[in-house]
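Visitor: Can you read through this structure? Questions will come right after.
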Amino acid sequence: MRERDSVPAIRFAGFTDEWEQRKVSDVAEIIVGGTPNTKVESYWEPKEIPWLSSGEVHKKYITFTDDMISKEGMDNSSAKMVKENSVLIALAGQGKTRGTVAINRISLTTNQSIAVMMFDENIIPEFIFCNLENRYDEIRRMSSGDGSRGGLNKQLVGDIEIPYTAKLEQKIIGSFFTTLDHLITLHQRKHSRLCNIKKSMLERMFPKEGVTVPEIRFAGFTDAWEQRKLGELCAEFKSGEFIKATEIKETGAFPVYGGNGLRGYADGYNHDGEYALIGRQGALCGNLNYSSGKAYFTEHAITVSANRNNDTKFLFYLLDLMNLGQYSGQSAQPGLAVGKLIELEAMIPRQTEQLRIGDFFWHLDHLITLHQRELERLQNIKKACLEKMFV
């Protein structure tokens, strides 16, 4: 374990005493759960007691479990009841499960791959939970063995050193991070909900294969969509131009877009206006970006702009739905050929309907971006506070 300072860099007003370090085993009862025999149906039915597996610890705040066991299953296994607001740590599990921590908001029992820390009255569980959550890499390094074979155990968990300060300071810090986690979760849910709405609307506002009208339309539009080649819809559909790597900088007047998006900035530009950009080469060929204004597009990006009878934003979402990566050449370095793409056919409506559809998804993307940025801001605040508010 690393040496720790005696006071954190940032504290709430009124607290000046030095912090201490104590082993988990000195301030908590540590128990490990168990799994009833899966072949005995009466151990799992009726579903009476919430039963948590290590793969669920990532939920962090446990308010439900994916599985439940019967009282008979509880009595015939090493499973033990865990009181609310205990701190749980995954001893083993696939991927990054080992070392993750959670706090349970319901009474439950767990499997044998989870250690439960039930602290004495002088410890605020939320305080310890947010501290251990920030020490994930450190805790994983304590594991016995390497890679997927590694694992924690009851003794190793007991040896973990945790910070100790006045109970009131613990409570205030724990409450602060619980509130911050709640805000982060709200924005995560809003972001996910908007992404799901976008996915659903893309599927329903563009015609399915074999039909000429979408499932959902804006009021006033009734005409059938028509099939056209992509090349017929565009004023420009071609690769960008080469630029020396030395001419791409971290800051500059004009953004530089390559096949995978923004690469940096340059002093000059080769395009001005609204463009959909298709990644032309590499593992991400077929991915889509959008540029508005003056920018430089490299030879690894295919630039697409609509002609006077069509809308570029609409084409951007249409191209994204078409999964263009499937048309890449079958070679060690996948690539898209402009000549092949312009011959692809798609269903399109009149320009007036294109404009409505393009604007609808554009505003939806804007909302998604706002929530993503707010989510990242809150996550950065939490990260900084965890580093400064613990020793």
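Visitor: I'd like the full set of residues that are without any contact (Cβ under 8 Å) to a residue 60 or more places away in the chain and within 27 Å of the chain's Cα centre (by Cα), limited to the stretch 115-124.
Guide: none
Visitor: With (1) of a type outside the set (V, I, T); (2) surrounded by 20 or more Cβ atoms within 10 Å (Cβ to Cβ); (3) farther than 30 Å from N76 by Cβ; (4) touching a residue at least 60 places away in the same chain (Cβ under 8 Å) as the list, and L152 as the residue in question, which single condition is left unmet?
Guide: (3)
Visitor: For the stretch 324-360, what are the residues that are closer than 20 Å to E209 by Cβ and either polar (S, T, N, Q) or open to solvent by less than 50 Å² (accessible area, probe 1.4 Å) (or both)?
Guide: Selection gives L324, G325, Q326, L341, L344, A346, M347, I348, P349, E353, Q354, I357.
Visitor: Name the single residue that is modelled with the lowest pLDDT among those in the stretch 306-323 being among the polar types (S, T, N, Q) and open to solvent by 50 Å² or more (accessible area, probe 1.4 Å).
Guide: Going through the qualifying residues, I end up with N323.
Visitor: Quick one: how many residues across the stretch 193-217 are in a loop (DSSP other than H, G, I, E, B) and exposed (fewer than 14 other Cβ atoms within 10 Å of the Cβ)?
Guide: Result for the stretch 193-217: 7.
Visitor: Then there's this: Checking I162 against (1) under 30 Å from M117 (Cα atoms); (2) in a helix (DSSP H, G or I); (3) open to solvent by less than 50 Å² (accessible area, probe 1.4 Å); (4) of a type in the set (A, V, I, L, M, F, W, C): exactly one of these is not met. Which one?
Guide: It fails just one condition, (2).
Visitor: Another one. For the list (1) within 19 Å of the chain's Cα centre (by Cα); (2) closer than 23 Å to N131 by Cβ; (3) not aliphatic (A, V, I, L, M), I need the number of the one condition that R193 fails.
Guide: It is condition (2) that R193 fails.
Visitor: OK, next. Pull up the stretch 304-348, narrow it to residues that are part of a loop (DSSP other than H, G, I, E, B) and of a type in the set (G, A, S), then point me to the one that is nearest to R228 (Cα to Cα).
Guide: Only one residue fits best here, namely A337.
Visitor: Those residues that are within 9 Å of G259 (Cβ to Cβ), of a type in the set (A, V, I, L, M, F, W, C) and buried (at least 24 other Cβ atoms within 10 Å of the Cβ), I need them from the stretch 272-305; list them, please.
Guide: If the condition is that a residue be within 9 Å of G259 (Cβ to Cβ), of a type in the set (A, V, I, L, M, F, W, C) and buried (at least 24 other Cβ atoms within 10 Å of the Cβ), then L277, I278, A301, I302 are the ones that fit.
Visitor: Looking at D137, D146, D120, which is the one that is under 21 Å from E29 (Cβ atoms) and either modelled with pLDDT under 95 or open to solvent by less than 10 Å² (accessible area, probe 1.4 Å) (or both)?
Guide: Values: D137 fails: under 21 Å from E29 (Cβ atoms); D146 fails: under 21 Å from E29 (Cβ atoms).
None of the others qualify; the one that does is D120.
Visitor: Is it the case that E169 is open to solvent by 60 Å² or more (accessible area, probe 1.4 Å), in contact (Cβ under 8 Å) with a residue 40 or more places away in the chain and under 23 Å from L132 (Cβ atoms)?
Guide: Spelling it out, it is not the case that E169 is open to solvent by 60 Å² or more (accessible area, probe 1.4 Å), in contact (Cβ under 8 Å) with a residue 40 or more places away in the chain and under 23 Å from L132 (Cβ atoms).
Visitor: Which ones in the stretch 244-271 are closer than 28 Å to G358 by Cα, in a strand (DSSP E or B) and open to solvent by less than 20 Å² (accessible area, probe 1.4 Å)?
Guide: Within the stretch 244-271, V256, G258, G261, G264, H271 meet the criteria.
Visitor: Then there is this: Taking the criterion of being part of a strand (DSSP E or B), modelled with pLDDT of 95 or more and open to solvent by less than 40 Å² (accessible area, probe 1.4 Å), would at least one residue in the stretch 361-375 satisfy it?
Guide: Initially, the stretch 361-375 is screened for residues part of a strand (DSSP E or B), giving none.
There is no residue in the stretch 361-375 that is part of a strand (DSSP E or B), modelled with pLDDT of 95 or more and open to solvent by less than 40 Å² (accessible area, probe 1.4 Å).
Visitor: List the strands (runs of 3 or more DSSP E) inside the stretch 1-114, counting only whole elements, that have at least 1 residues being without any contact (Cβ under 8 Å) to a residue 24 or more places away in the chain and open to solvent by 20 Å² or more (accessible area, probe 1.4 Å).
Guide: 67-69
Visitor: Which members of the stretch 223-243 meet the condition of being open to solvent by less than 80 Å² (accessible area, probe 1.4 Å) and part of a helix (DSSP H, G or I)?
Guide: L230, G231, L233
Visitor: Same structure again: Could you run through the stretch 12-31 and say how many residues are in contact with a strand residue (DSSP E or B) (Cβ under 8 Å, 6 or more places away or on another chain) and among the acidic types (D, E)?
Guide: Total meeting the criteria: 2.
Visitor: Go through the stretch 266-291 and give me each residue that's out of contact with any Ser or Thr (no Cβ under 9 Å at 6 or more places or on another chain), more than 18 Å from I243 (Cβ to Cβ) and of a type outside the set (A, V, I, L, M).
Guide: N287
Visitor: Further question on the same structure: Which residue pairs have Cβ atoms closer than 6 Å, lie 6 or more positions apart in sequence or on different chains, and pair a first residue in the stretch 362-378 that is under 12 Å from K190 (Cα atoms) with a second residue that is open to solvent by 80 Å² or more (accessible area, probe 1.4 Å) and part of a helix (DSSP H, G or I)?
Guide: Listed pairs, sorted by first residue: H371/K190.
The values are calculated or read from the model by the stated rules, or taken from the named source; none is laboratory data. The shown structure was predicted, so the numbers you read here are calculated from the model rather than taken from an experiment. All Cβ positions, even for glycine, are placed from backbone atoms using ideal geometry, and neighbour counts span all protein chains on display. Surface areas here come from the heavy atoms of the whole protein model, side chains and all, with no ligands, DNA or RNA. Shrake-Rupley method; radii C 1.70, N 1.55, O 1.52, S 1.80 Å.
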